[in-house]
1. Residues that are at pLDDT 90 or above and surrounded by 13 or more Cβ atoms within 10 Å (Cβ to Cβ): which helices (runs of 4 or more DSSP H) entirely in the stretch 34-119 hold 2 or more of them?
2. If we keep just the residues of the stretch 1-33 that are among the charged types (D, E, K, R) and modelled with pLDDT under 80, which is nearest to Ala99 (Cα to Cα)?
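The values are calculated or read from the model by the stated rules, or taken from the named source; none is laboratory data. Note that the structure is predicted; figures quoted are calculated from it, not measured. Positions of Cβ are backbone-derived with ideal geometry, glycine not excepted, and every protein chain shown enters the neighbour counts.
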Amino acid sequence: MMSALMPATETTFLDLLFLSNWNTRVVVLGVSALGMAGGVVGSFMLLRRRALLGDALSHATLPGIVLAFLVASAMGFGVKSHGVLLIGATCSGIIGIIAVHWLTSSGRLSRGPPHSAWS
């Protein structure tokens, strides 16, 4: 009845606004949970003066994702294989965290400059 009275664009907007589609509900719930978790973790990292570590870690994972993508496509896996990309990001992130730890423990640098230099 509502779709007969309103144009399709307004009906789609109302469906989105009132979360009548199951996919919309799942996406909104996931994004809300991710936002709350990111806010909590980010607050603790800021209080422990390690806010730049998150930037360094996120920048360190990108080369691993790219290398995993190239390796997956060369070996015949699906280029969007989530497992392979996750393994590449994890390995590259661990190497990045080890590099940041080595930079802070081996020299006279404080926690801030190696994290910002890495990212």
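1. Working: elements: 51-75, 82-106, 112-118.
In the stretch 34-119, the matching helices (runs of 4 or more DSSP H) lie at 51-75, 82-106.
2. Of everything passing the filter in the stretch 1-33, Asp15 is nearest to Ala99 (Cα to Cα).
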